[in-house]
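Remarks on the structure that follows.
Readers should treat all values here as calculations from the given coordinates under stated rules, not as data from a laboratory. Small disclaimer: the values here were computed from a predicted structure and weren't measured. Cβ placement follows ideal geometry from the backbone for every residue including glycine, while neighbour counts extend to all protein chains displayed.
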Amino acid sequence: MESDLLGNIIDAHCTACNYKSSVTIGGTMRDFQTHSSWPVFCQDCGDMTSTNARAEPLICLTCQSARVTKYDAHHLVEGETREVAGWCSDHLTDGLYLCPTCRKQTLRFDPQPRVFFD
Ligand SMILES: [Zn+2]
Ligand SMILES: [Zn+2]
């Protein structure tokens, strides 16, 4: 059977404040052209949510603010050595990311993503 899965669920964990969350990236074969998930950091409410990266503008799913920053290899991260997960031109790595709760650069994405099936 041909699988149509394209997305991953990635666990995130902050080693400083023990914040735990999970994010979804990517989409499914059926709707990835209109909907694909990518984690963003919200400057207004300080939450990390997996918003629809196809939407313009990107918004925070918690407070609907558009003042969000994508979590990818170019922002909010230091010390990355390899990619954990990627989607189109976006990448998550094993580096240390900005924690949405304690605002330290101590958030890690789990290098073993869990796949999800639609
Ligand atoms: Zn928000
Ligand atoms: Zn933290």
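Projecting the Cα atoms of H75, Y97, T15 onto the charge dipole of region 13-107 (Cβ charges, centred on the Cα centre) puts T15 farthest toward the positive pole.
Take the Cβ atoms of C17 and E78, set R0 to 22 Å, and the FRET efficiency comes out at 0.80. Within the shell defined by Cβ-Cβ distances under 12 Å, the residues around H91 carry a net charge of -3, with Lys and Arg each +1 and Asp and Glu each -1.
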